[in-house]
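Take a look at the structure set out below.
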Amino acid sequence: QVQLVESGGGLVQTGASLRLSCEASGRSFASYAMGWFRQAPGKERECVGAINWSTGSTKYADSVKGRFTISRDNTKNTVSLQMDSLNPEATAVYYCAAGRGAYYGVSYSRDASYEYWGQGTQVTVSS
């Protein structure tokens, strides 16, 4: 049973930092890309970025580049999303996803490139 479980969400103030974690289990993700997505009320789901599990190479949306950092820990089978300089626009439910298609070159930013999804964790940034 493949499971992705996000944690670390919460309520923070503008300018604060928050670190989200995604525990992946049930299979090897060596040939997968791990993506982070977010969905704010009234908006479509947006890909924040992704990491290649094998190489550790990352890609980021322009909107978060320089402020968000994705990393992985092969020993713990986790991926993390470090979010710095948070603002109210970052308020959303954040999802972790695993995609074999994304690993092999299918667009990393599209939902269709990912076959496994976590349940999401709420991040709220107060102004």
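The values are calculated or read from the model by the stated rules, or taken from the named source; none is laboratory data. None of these values were measured; they are calculated from a predicted model. With ideal geometry, Cβ positions are generated from the backbone for all residues, glycine too; neighbour counts draw on all protein chains shown. Ligands, DNA and RNA are excluded from the accessible area calculation, which covers all protein heavy atoms including side chains. Shrake-Rupley method; radii C 1.70, N 1.55, O 1.52, S 1.80 Å.
Filter the stretch 70-83 for residues that are assigned to a strand (DSSP E or B) and over 25 Å from Gln13 (Cβ atoms) and give the result.
Arg72, Asp73, Thr78, Val79
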Original post:
So which pairs qualify, if the first residue must be in the stretch 100-127 and without any contact (Cβ under 8 Å) to a residue 12 or more places away in the chain, the second must be hydroxyl-bearing (Ser, Thr, Tyr) and not in a loop (DSSP other than H, G, I, E, B), the Cβ gap must be under 9 Å, and the two must be at least 6 apart or on different chains?
Top reply: Val106/Ser113; Ser107/Ser113
Original post:
With (1) open to solvent by 40 Å² or more (accessible area, probe 1.4 Å); (2) within 24 Å of Thr124 (Cα to Cα); (3) touching a strand residue (DSSP E or B) at 6+ places or on another chain (Cβ under 6 Å) as the list, and Tyr103 as the residue in question, which single condition is left unmet?
Top reply: (2)
Original post:
When only residues in the stretch 28-69 that are under 16 Å from Thr121 (Cα atoms) and assigned to a loop (DSSP other than H, G, I, E, B) count, which is farthest from the chain's Cα centre (by Cα)?
Top reply: Pro41
Original post:
Taking the condition within 22 Å of Val123 (Cα to Cα), of a type in the set (Gly, Ala, Ser) and outside any strand (DSSP E or B), does Ala16 pass?
Top reply: yes
Original post:
Restricting the stretch 108-127 to residues that are part of a loop (DSSP other than H, G, I, E, B) and in contact with a helix residue (DSSP H, G or I) (Cβ under 7 Å, 6 or more places away or on another chain), which is least open to solvent (accessible area, probe 1.4 Å)?
Top reply: Tyr114
Subject >> The one condition in (1) surrounded by 13 or more Cβ atoms within 10 Å (Cβ to Cβ); (2) at positive phi that Gly35 fails to fulfil >> reply: (2)
